[in-house]
Structures are given as structure tokens and as C-alpha cells.
1. What list of ³J(HN,Hα) values in whole Hz, one per residue of the stretch 192-204 in order, does the Karplus curve 6.51 cos²θ - 1.76 cosθ + 1.60 (θ = phi - 60°) give from phi, with Gly and Pro shown as x?
2. Ignoring ligands, DNA and RNA, please state the percent of accessible area on the stretch 1-44 from carbon and sulfur, probe 1.4 Å.
3. Which length gain, in nm to one decimal place, applies between Arg78 and Gln194 when the Cα-Cα distance is subtracted from 0.36 nm times their residue separation?
4. Just to be sure I understand the model, the point goes 7 Å from the Cα along the line to the Cβ. What's the resulting Thr13 to Phe143 distance in nm?
5. Report the gain in length on full extension from Leu177 to Val203: 0.36 nm times residue separation, minus Cα-Cα distance, nm rounded to one decimal.
6. Rounded to the nearest whole Å², what accessible area per residue is found for the chain with the 1.4 Å probe?
7. Show that you can apply the helix-only estimate: for the chain, add -39,500 (n - 2.57) for every DSSP H stretch of four or more residues, divide by all residues, and state [θ] at 222 nm to the nearest 500.
8. Report, by chain and number, residues whose modeled amide H sits under 5 Å from the one on Arg128, excluding near sequence neighbours (fewer than 5 apart, same chain).
Amino acid sequence: MPWTQRNDKLIGTNGEILDLWPQEFWYLAPARVTYTPGEGVVRPLEFAVLLHNAVKGEGLVTSLDVLLSGIEPSTEKRGAAAEAEALLEETRQSVNPALPSRLRSYFLNYDRAVAERRSATMFRDSRRLVRCYLIRNGGRYHFADVDVYERLEGRPDDRVLAAKYWELFQPKTEDELHRLEVLADSALYFPDWQEFPTLDDRVLMRWSLDNPTPQREERG
């Protein structure tokens, strides 16, 4: 195992030291590892690419900005949700382009119970709840109020509300804590990587035969 976790440090066998955010976060990772020809609509982002990469990196996963380098940022969302994403990205570039883009970030949860609730209400595909740590070296982060995003759906011209999303959200009550989402454009460390599944290339090949022009996927 090349990495050893010691308090807020990650130490490699070659002497490399990475700084960890001391807070443990929770991530709802796509977990699909199978595909049957003709089974219907399956989006490429449903596959367990991150879990696969975590195994290959023995716990360490690179940032999405690095992983998707050369690919135009986009969203798979449609309708009002896609309009909200477009407005938020345009607003970010205007008010504070140094903040991480929602189109190139991992969405992390501060609390396991909150993540479990979101798993039941926000996703239709298979997700696996896993704990992780932010790598602070070179990363970008934003603590946001997910309620602002939800209110933006159906309001594609509300730039004032969109700008509010990019303000630092510091929960003061239990209810506000449940609305916190953490955007991380950074590398992540998954301490339980040895329990994760990997993707068989034959599964992706079967999927690609049914989807001749798939979105490019990156695997380690």
C-alpha cells in the first residue's frame, strides 16, 4: 500500500506528503459495474468509474479537472435543471472564476445521515456511499447552499439568486447543515478503497455497442 494516513497527512512510500482536510466527507459514487445488451437507457456516468480509479490509485483519485482535461465541460441534465446549471456556471465566471465549477467538481456531503437522505431523493441510479478526504494540495473548494440551486430550477434569469449560490454558506442550524453541499475540484483519498468494485472492459464494450457515440470516459 503506497499511502499511509497519519492524522491530517497522507504519506507515500516515496516520501511524498499530501495534506488532508481533517474533516471526513461522504460521497455518493456511481456504482454500476454490469450491463446487458439492450437493457435500455444507461447513462455513461452511471458506471463505477471513480470507484475503479480509486482501486487503481490505491485510494487516491485525481481531480475531475485533471481527469477530464481536454473535454468540454457539460451537464447530462435536461430542462430546468440544465438551465440552472448554465446560469450558475455563467455567474461563477462573472463573480468569482477562482471558485470550482459545478461542471468539474465532486459533490461531497458533510454528514453521513444527510448523504443517505440525498441518496434516496436525488438519484435514480445505483450509488454507493463511501467516505473520503479532500487533498488540500492545489485543490479548490466551495461550501454552498443546495436550497439555492433547487430554487433556481425554473428561474433561468434570476442572476441575483445565482450569485447567492457562490457565497460561502456557513450553516448555523441543524436544518441549514442539511442543506450544505461541498464542491471539490481536488484530488480525493478513499481509505476504504480495498472494498470497492472495479469495471471490466467487456462491460463497457457491451455498453458502447448499444451506444455508438458515447461520452468519453477516463479510467486509471
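The values are calculated or read from the model by the stated rules, or taken from the named source; none is laboratory data. This is a predicted model, so every value here is computed, not measured. Cβ sites come from the backbone with ideal geometry, for glycine too, and all protein chains shown count toward neighbours. Keep in mind that these areas ignore ligands, DNA and RNA; they rest on the heavy atoms of the full protein, side chains included. Shrake-Rupley method; radii C 1.70, N 1.55, O 1.52, S 1.80 Å.
1. Values per residue, Gly and Pro as x: 9, 4, 5, 8, 7, x, 10, 9, 7, 4, 5, 5, 5 Hz.
2. Values: 1250 of 2500 Å².
Carbon and sulfur atoms account for 50 percent of the accessible area of the stretch 1-44.
3. Fully extending the segment from Arg78 to Gln194 adds 38.2 nm.
4. Label-label distance for Thr13 and Phe143, simple model: 3.7 nm.
5. Working: separation 26, 0.36 × 26 = 9.36 nm, distance 3.88 nm.
Separation in residues times 0.36 nm, less the Cα-Cα distance, equals 5.5 nm.
6. 53 Å²
7. Calculated from helices alone, the mean residue ellipticity at 222 nm is -8500 deg cm²/dmol.
8. Amide H neighbours of Arg128, under 5 Å, 5+ apart: Ala29, Ala31.
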